[in-house]
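Right, one structure below, let's go through it.
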Amino acid sequence: MSQVLLQAGTKLLNALGRHSDLIMKAYINGSVKERDHSSKVLEQLVQLGVLWRPEAQSELRLKSAVRTLLEGSLQDERNRTINANVGASLASLKTLTEHYKEALHYNKFNEAAAHMSDLTEHVYQLSETLSNSVRVMFSRINNEFGYVSSVDAKIRENELAQQQVTDLLAQLECFRFDELSEIAGSNRELRHLLVVSLQQRFSKAAQELSVVQARLLDLLGRFREFQGRTRLLKGFLLHMEQQPDFAPGNYANLTNVPVLFNHSAATISYASADVNNVEHECDYQNMVATLTHIHKKRGTQDDGKPADIDVTEQATLSLEKEPLQKAVEAYFCDVIDSGQAKTALDYYAELDLEFDPEVWLYQVIGGYQALDDEEKQFFALEPHGMNDKIYTGNFYISDITLGLR
């Protein structure tokens, strides 16, 4: 493991030495001019963690770790004002924003460009700080705190990580996007930096921290379970050391079973019939023979006397058609006899029928639909009405004309 770290560190330091001019220009200017350098070199520095691209369309910038190293070594007080604390960083952002707006107001474009460069660096620095914090948390969780050996140490590291997550969430509460939006005003660049970029990073960090909290609680439960089992095992080993002649008794034969071995009630074992056992064949036959008695009705007494059967003539059941149906058939017959088409309401008025007109129209339509296909071919049914003025597909029938084809 140490050999791998040694090789990785040597490779990183060699890259810093070979490309020191590129790194210092990025530190002073805030970003890298990609057209002045080889894409292969830039890709190598990105893979080594020296440079990073905050967004797909943004320029390459120095990682916070490299910038912090240069700030501490060069004692650059201007750039060392960047603080990992979110509250202090937001205060710096607001101050730089006011400087930038003031410079634009007085047409000092060079100063405004310098303030915008510092402001951009501060925003990306804050975004990278949040990303690195979450990444470190996930790295420690995925490793399950493998850098400590004992379970108690893992629990302490877990509690420390939970406290750090709580602190990060408390720092995220410092974001007031309504205030930042008011400060940015209608300036497009300021709104992109202070509202869009920070809000995206804020939402992603909050979601990832909630996942971190859930996994930390899950890990803490597992560690405490391991701790309980370890204590139980250590207690048993200590008991065996103090009483080497101890032997577990036959607890099944005891009248009062210890609580430790008496957590669940006794259960009846599952049983099933063995139909292949010849000795039980007679019993099976008797059981099957008794099953026929379930078909007898309960509550009846069989006195052995034959029952009398009534053979008298039954009343004749006649099915008479309703008056409405008879009237519809008469309407169809009238059309056949006259050979002329006639509307249903005209026939209704001629005979002065007592039915409801709407029911009469429904019955005429139903009578036509009840005919066989061969019989339908002799009649032509044409509805009269109008479409609904609001809802399409609704047709209101006001009358029906029935004729012969």
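The values are calculated or read from the model by the stated rules, or taken from the named source; none is laboratory data. Here the structure is a predicted model, which means the values were calculated and not measured. Note that we place each Cβ from the backbone using ideal geometry, even for glycine, and neighbour counts take in every protein chain shown. These area figures cover heavy atoms from the full protein model, side chains too; ligands, DNA and RNA do not enter into them. Shrake-Rupley method; radii C 1.70, N 1.55, O 1.52, S 1.80 Å.
The simple spin-label model puts a point 7 Å past each Cα toward its Cβ; for R135 and K40 those points are separated by 2.6 nm. The structure shown yields P(r) over Cα pairs in 20 Å bins from 0, in percent, and of the options [x] 27, 61, 13, 0; [y] 27, 49, 21, 3; [z] 15, 22, 12, 19, 25, 7, 0 that calculated value carries the label [z].
A Cβ-based charge dipole, computed about the Cα centre of the stretch 1-142 with Lys and Arg at +1 and Asp and Glu at -1, lands at about 400 debye. Computed from Cα atoms, the angle from the helix 86-105 axis to the main principal axis of the chain rounds to 80 degrees.
Listed cross-link partners K40/K154; K33/K94; K25/K94; K326/K389; K94/K154 are compared with a 31 Å cut-off, the Cα-Cα value being larger for K40/K154; K326/K389; K94/K154. Accessible surface area normalised per residue over the chain is 72 Å², counting heavy atoms of protein chains with a 1.4 Å rolling probe. A simple spin-label model places the labels of S149 and Q243 3.2 nm from each other, with each point 7 Å out along Cα-to-Cβ. With angles folded into 0 to 90 degrees, how steeply does helix 2-18 sit against the dominant principal axis of the chain? Use alpha carbons for both and round to 10. Computed tilt is about 70 degrees. Available extension along the chain between E159 and K389 is 75.7 nm, counting 0.36 nm per residue and deducting the alpha carbon span. Surface composition of the chain: carbon plus sulfur atoms hold 53% of the accessible area, using a 1.4 angstrom probe and ignoring ligands, DNA and RNA. Each of S181, A327, N110 was placed along the dipole of the chain (beta-carbon charges, centred on the mean Cα), and the one lying farthest toward the positive end is N110.
Each peptide in 143-153, 61-71, 42-52 receives the mean, over its residues, of other Cβ atoms within 10 Å, and ordering these scores from highest gives 61-71, 42-52, 143-153. Packing order of peptides 277-283, 357-363, highest average first: 357-363, 277-283 (average count of other Cβ atoms within 10 Å over each peptide's residues).
Per residue of the chain, what 222 nm ellipticity follows from adding -39500 (n - 2.57) for every DSSP H run with n ≥ 4, rounded to the nearest 500? The per-residue figure over the chain is -19000 deg cm²/dmol.
Summing charges over neighbours of W52, with a neighbour being any other residue whose Cβ is under 15 Å away from its Cβ, gives 0 when K and R count +1 and D and E count -1.
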